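K.L.:
Quick one: the structure is below, questions incoming.
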Amino acid sequence: MGCAVTRVQRITVLGATGSIGLSTLDVIARHPDRYQVFALSGFSRIDELLALCVRHRPAYAVVPSSDAAVRLREGLAAAGCATEVLEGEGGLCQVAAAGEVDTVMAAIVGAAGLRPTLAAVEAGKKVLLANKEALVMSGALFMDAVRRSGSVLLPIDSEHNAIFQCMPGDYARGLGAVGVRRILLTASGGPFRETPAEALLDVTPEQACAHPNWSMGRKISVDSASMLNKGLELIEACWLFDAKPAQIEVVVHPQSVIHSLVDYVDGSVLAQLGNPDMRTPISNALAWPERIDSGVAPLDLFAIARLDFQAPDEQRFPCLRLARQAAEAGHSAPAVLNAANEVAVDAFLQGRIRFPEIAGMIEQVLDQEPVVPLATLDAVFAADQRARELSREWLRRHGR
Ligand code: NDP
Ligand code: MG
């Protein structure tokens with residue numbers, strides 16, 4: 001290909017120690033002629049971050065605290081690695097917006113990723129968005145910032161990357177203008193797809209994290225099990241593709257081979273298929289509009305043999321209904337939904353609440369917290385904080 005690539009792209013990976021971060025580094029390492037790591041961040045897994053620094057030699061590494069920084073600096077010195085260590089959210093925003101950076105992989109989990117991801121957007125970077133919570137919390141502000149800065153925003157979530165691939169290049173003109181009738185958002189149904197409602201009371205964090213098709217971080221694994229993940233994805237799709245919630249239909253497809261579909265007014269339905277391996281959407285977004293090898297095995301349709309589809313069960317998975325309601329209410333409702341869910345998932349992973357209580361807690365917090373417009377980032381974080389406080393109150397009230 002030679003001359004198409006003018007120079008090596010410098011990449012910051014926020015959340016490098018996580019599942020998406022590691023898959024991103026796997027793809028990057030396959031293409032040293034194209035990509036170079038500029039900065040990596042970690043949070044609790046500092047030894048893993050050290051090993052990644054030794055392997056990828058970034059200019060910067062970011063950790064949350066000065067204790068972690070001391071530990072990482074010692075390790076780097078012992079390994080003869082010249083990586084400079086930065087701390088906290090300021091450090092994350094700095095490596096997201098640095099002049100040397102071309103592309104930022106936003107793969108921190110949860111609300112903690114919002115400010116650094118926005119910093120990358122505001123600096124006009126190519127932003128590969130895995131951190132869906134950031135967009136769910138601040139959708140209107142986030143997309144305004146994308147338009148203002150000219151940042152290129154590419155979805156990493158496998159469904160949204162699939163939809164992006166099935167859309168015409170000029171979809172920003174509006175779904176109606178380009179002949180799109182609806183978006184079909186596929187869902188695996190998670191590990192409890194066939195679990196009876198009564199049995200959901202006793203499921204454990206380990207069972208919730210054992211996803212049948214995907215290997216992911218613990219938070220998104222629980223979200224997939226409750227189907228709140230599909231709800232967050234519905235909201236994410238509304239912002240990315242300027243769609244109304246009613247234009248998005250969730251389709252349970254247990255094999256996770258079709259990653260989503262776009263239905264056109266002429267009756268054509270375009271789908272993107274592939275093995276369930278995040279290196280495909282990551283490679284697609286990294287190289288876009290080109291294509292590169294991702295290391296993912298070719299799809300074997302004969303081995304798959306059949307593809308199944310079902311309607312989602314909102315009785316057993318009320319989180320999906322709650323997310324759709326939040327999407328329709330708009331304004332602060334998605335940020336409140338997200339914050340209540342983060343507290344609930346954390347409590348579930350710690351064994352403090354039962355699985356169905358995740359939905360119960362979110363529903364009460366959504367009922368208690370009025371929907372207000374979010375004109376500034378401070379207003380977003382204020383809504384987030386109020387929802388977290390109401391969620392903690394719920395835990396106290398229930399003696400957890
Ligand atoms: P992981 O839990 O595996 O990784 C999360 C990353 O964020 C880690 O690097 C972690 O550091 C870091 N991190 C955690 N908390 C904080 C914090 N408070 N401040 C700064 N950094 C923090 O999650 P995944 O990689 O699975 O998911 C990352 C994001 O991508 C999520 O938003 C998820 O919804 C999205 N996503 C993931 C998919 C997947 O297949 N995994 C698919 C689609 C979307 P450390 O590990 O060092 O503690
Ligand atoms: Mg997804």
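K.L.:
Looking at the chain, how many pairs of lysines come closer than 16 Å at the Cα, when each pair is eight or more places apart or spans two chains?
P.N.:
Close lysine pairs found across the chain: 4.
K.L.:
Also: Name the most mobile residue of ALA287, ALA97, ALA340, meaning the one with the largest mean-square fluctuation, in a Gaussian network model of the chain with Cα contacts below 10 Å.
P.N.:
ALA287
K.L.:
Answer rounded, prolate or oblate for the range 242-378, using the Cα gyration tensor with square roots of eigenvalues a ≥ b ≥ c: rounded when a/c is under 1.5, else prolate when a/b is larger than b/c, else oblate.
P.N.:
Judged from the Cα gyration tensor, the range 242-378 comes out prolate (a/c at least 1.5, a/b above b/c).
K.L.:
Could I ask something else about it? What net charge do the residues around GLU314 carry, taking every other residue with its C-beta under 10 Å from that of GLU314, with Lys and Arg at +1 and Asp and Glu at -1?
P.N.:
Local net charge: +2.
K.L.:
Next question. Among bridges DSSP assigns within the range 36-182, what percent are antiparallel (round to 5)?
P.N.:
That works out to approximately 0 percent antiparallel.
K.L.:
Hey, what D do you get for the range 330-400 in µm²/s if you plug the Kirkwood alpha-carbon radius into Stokes-Einstein at 4 °C and 1.567 mPa s?
P.N.:
108 µm²/s
K.L.:
At 0.36 nm per residue, and after removing the present C-alpha to C-alpha distance, how many nm does the segment from ARG147 to ASP266 gain when stretched out fully?
P.N.:
39.8 nm
K.L.:
Leaving out ligands, DNA and RNA but keeping every protein chain, what accessible area does TRP239 have, in Å² rounded to the nearest 10, with a 1.4 Å probe?
P.N.:
100 Å²
K.L.:
Using Cα-Cα distances under 8 Å and only pairs 6 or more residues apart, what relative contact order does the chain have, in percent?
P.N.:
14 percent
K.L.:
Also, I was wondering about something else. Can you give the FRET efficiency for ASP102 and LEU307, using 1/(1 + (r/R0)^6), R0 = 45 Å, r = Cβ-Cβ distance, to the nearest 0.05?
P.N.:
After rounding to 0.05, the efficiency reads 0.75.
K.L.:
Okay, next question. What is the local net charge at VAL371, summed over the other residues whose Cβ is closer than 15 Å to its Cβ (Lys, Arg +1; Asp, Glu -1)?
P.N.:
Local net charge: -3.
K.L.:
Using only the Cα atoms of the chain, what are the Rg and Dmax in Å?
P.N.:
Over the chain's Cα set, Rg and Dmax evaluate to 20.6, 64 Å.
K.L.:
When the chain is treated as a GNM, springs tying every alpha-carbon pair under 10 Å, which of ALA96, ALA333, ALA271 comes out with the largest mean-square fluctuation?
P.N.:
Looking only at ALA96, ALA333, ALA271, the biggest GNM fluctuation is shown by ALA271.
K.L.:
At R0 = 45 Å, how high is the FRET efficiency between GLU198 and GLU249 if r is their beta carbon distance? Nearest 0.05 is fine.
P.N.:
So, using R0 = 45 Å, E works out to roughly 0.95.
K.L.:
Sticking with this one: Of all the C-alpha pairs in the range 9-155, what % are more than 24 Å from each other?
P.N.:
Tail of P(r) above 24 Å: 25 percent of Cα pairs.
K.L.:
Where in the chain are the DSSP H helices whose C-alpha atoms run 20 Å or more along the long axis and whose mean Kyte hydropathy is at least -0.5?
P.N.:
Flagged H segments are 132-149, 333-349, 355-368.
K.L.:
Report the one residue of GLN350, TYR171, ALA305 whose Cα lies farthest in the direction of the positive end of the charge dipole of the chain (charges on C-beta: Lys and Arg +1, Asp and Glu -1; origin at the Cα centre).
P.N.:
Toward the positive end, the furthest listed residue is TYR171.
K.L.:
State in Å² the accessible area per residue of the chain; use a 1.4 Å probe, count heavy atoms of protein chains only, and round to the nearest integer.
P.N.:
42 Å²
K.L.:
Given a 1.4 Å probe and the protein chains all in place, what does the accessible area of LYS219 round to, in Å² to the nearest 10?
P.N.:
Spelled out: LYS219, probe radius 1.4 Å, area about 30 Å².
K.L.:
Related question: Once you put a point 7 Å from the Cα of GLN315 and another 7 Å from the Cα of SER66, both along the Cβ direction, what distance in nm separates them?
P.N.:
5.8 nm
K.L.:
Have a look at ALA111, ALA382, ALA79 and tell me which one the Gaussian network model of the chain (Cα, springs below 10 Å) gives the largest fluctuation.
P.N.:
ALA79
K.L.:
Can you tally the net charge around MET167? Count Lys and Arg as +1, Asp and Glu as -1, for every other residue whose Cβ sits under 12 Å from the Cβ of MET167.
P.N.:
-2
K.L.:
Over the range 160-260, what percent of the accessible surface lies on carbon and sulfur atoms, probe 1.4 Å?
P.N.:
Of all accessible area on the range 160-260, carbon and sulfur atoms account for 53 percent.
K.L.:
Still on this structure, I have one more. With a point put 7 Å past each Cα toward its Cβ, work out how far ARG55 is from ALA172 in nm, to one decimal.
P.N.:
Between ARG55 and ALA172, the label points sit 3.5 nm apart.
The values are calculated or read from the model by the stated rules, or taken from the named source; none is laboratory data. Bear in mind the structure is a predicted one, so any value in this text is a computation, not a measurement. All Cβ positions, glycine included, derive from the backbone under ideal geometry; neighbour counts span all protein chains shown. Calculation scope for accessible area: heavy atoms of the full protein, side chains included, ligands and nucleic acids excluded. Shrake-Rupley method; radii C 1.70, N 1.55, O 1.52, S 1.80 Å.
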